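Novice: One structure coming up, written as structure tokens, with questions to follow.
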Amino acid sequence: RDPAVQRMVEVIRGADAAFINLEGAVLRFSDFTGWPAAEHGGYWQVSPPEVAEDLKAIGFDLFNTANNHTADWGADGLRMTNETLDRLGLVHAGSGMNLGEASRPGYLDRFEGRGALIGLATTFSPSSRAGAARGEVMGRPGLNALRVVRTTEADSATYGMLLALAPRVQGQVPTASGAPLRIFGVSVSLGQETRLIERVNTDDEERILREIRNASEMANQVIGTSHSHEPGNQFETPPPWLREFMKKCI
């Protein structure tokens, strides 16, 4: 009955379609037969199925399920979350029982036309990434991931300091002159300047762009949403690699 909440609900219900990031598992512990994952997105986030019913009543139609909390409760939690959304007739995208299912769009059919949602994440725990089926090996449950490949370069002075420090901190000293060294869990190459180079994984990029092209042939409107913390939670400007990727999506 809060007037501020009611005004928000009016905006959401007044839209042709409304989408939201569903961050966390939706399940009832009395029905849950799995275990919490060893890795989580900050903590093990979970809500009862009534929360999904409330979000539907508020007016949300499309749900992104790819984020850093997707696999907090393992494959069983992911499966139960998506089954709850299916039971409520809610369109969702971004996770599934294998990479193909996690990558594909969710479609919302209305009298005005068809909308598509493609959900993905660049911020996620490594074990939450969905895997493709290969031959007789089943696919791995998880989310639609856009991985970021990071390489570090150091100028000659910085590289020399790291090279001298590496043996003292159990770093891996290269055997060839000028070859990358590994220190503090990071591979560092000799370059003209000290910098961090970031680029998206080309396989992930090609897969996501292919799904967007397919969705644009099947729907009047396509929403692509990425759950991204980069470069950090306090930043309002996305990093260059994400802006470049989003332009390719457009």
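The values are calculated or read from the model by the stated rules, or taken from the named source; none is laboratory data. As the structure is a prediction and not an experimental result, all values here were calculated from the model. Virtual Cβ from ideal backbone geometry, glycine too; neighbours counted across all protein chains shown. In case anyone asks, the SASA skips ligands and DNA or RNA and just uses the protein heavy atoms, side chains included. Shrake-Rupley method; radii C 1.70, N 1.55, O 1.52, S 1.80 Å.
Novice: Can you give me the three principal axis dimensions of segment 16-61 from its C-alpha atoms, in Å, biggest first?
Specialist: Here the spans come out as 40, 23, 11 Å, largest first.
Novice: What's the FRET efficiency of ASP109 with ASP203 using the Cβ-Cβ distance as r and R₀ = 35 Å, to the nearest 0.05?
Specialist: About 0.65, to the nearest 0.05.
Novice: Where in segment 133-173 is the amide nitrogen less than 20 Å from a point lying 7 Å along the Cα-to-Cβ axis of GLU101?
Specialist: Label zone hits: 133-146.
Novice: So for GLU136, GLU101, GLU112, what's the accessible-area order with a 1.4 Å probe, most first?
Specialist: Sorted by accessible area, descending: GLU136, GLU112, GLU101.
Novice: With n ≥ 4 as the cut-off for DSSP H runs, can you work out [θ] at 222 nm for the chain, using -39500 (n - 2.57) per run divided by the number of residues, rounded to the nearest 500?
Specialist: For the chain, the value works out to -9500 deg cm²/dmol.
Novice: Using only the heavy atoms of the protein chains and a 1.4 Å probe, how would PHE111, PHE32 rank by accessible area, largest first?
Specialist: Ranking PHE111, PHE32 by accessible area, largest first, yields PHE111, PHE32.
Novice: Modelled label-to-label distance, VAL51 and GLU217, 7 Å Cα→beta-carbon offset: nm?
Specialist: 3.8
Novice: Accessible area per residue for the chain in Å², computed with a 1.4 Å probe and the full protein assembly in place, what is it?
Specialist: 58
Novice: Okay, next question. So for segment 178-250, taking the charge dipole from beta-carbon charges (+1 Lys/Arg, -1 Asp/Glu), which of ILE183, TRP241, THR202 sits furthest toward the positive end?
Specialist: Of the listed residues, the answer is ILE183.
Novice: Between ALA75, ALA37, ALA145, find the one with the highest GNM mean-square fluctuation for the chain; connect C-alpha pairs within less than 10 Å.
Specialist: ALA37
Novice: May I ask for log10 I(q)/I(0) of the chain at q = 0.16, 0.17 Å⁻¹, from a Debye sum over the Cα atoms as equal point scatterers with solvent left out?
Specialist: -1.19, -1.28
Novice: Taking the Cα centre of segment 100-250 as origin and charging only Cβ (+1 Lys, Arg; -1 Asp, Glu), how large is the dipole, in debye to the nearest 20?
Specialist: 220
Novice: If you keep only loop residues by DSSP, which trypsin sites (Lys or Arg not before Pro) in segment 4-80 have at most 16 other Cβ atoms within 10 Å of their Cβ?
Specialist: Counting only loop positions with at most 16 other Cβ atoms within 10 Å, the trypsin sites (Lys or Arg not before Pro) in segment 4-80 are ARG28.
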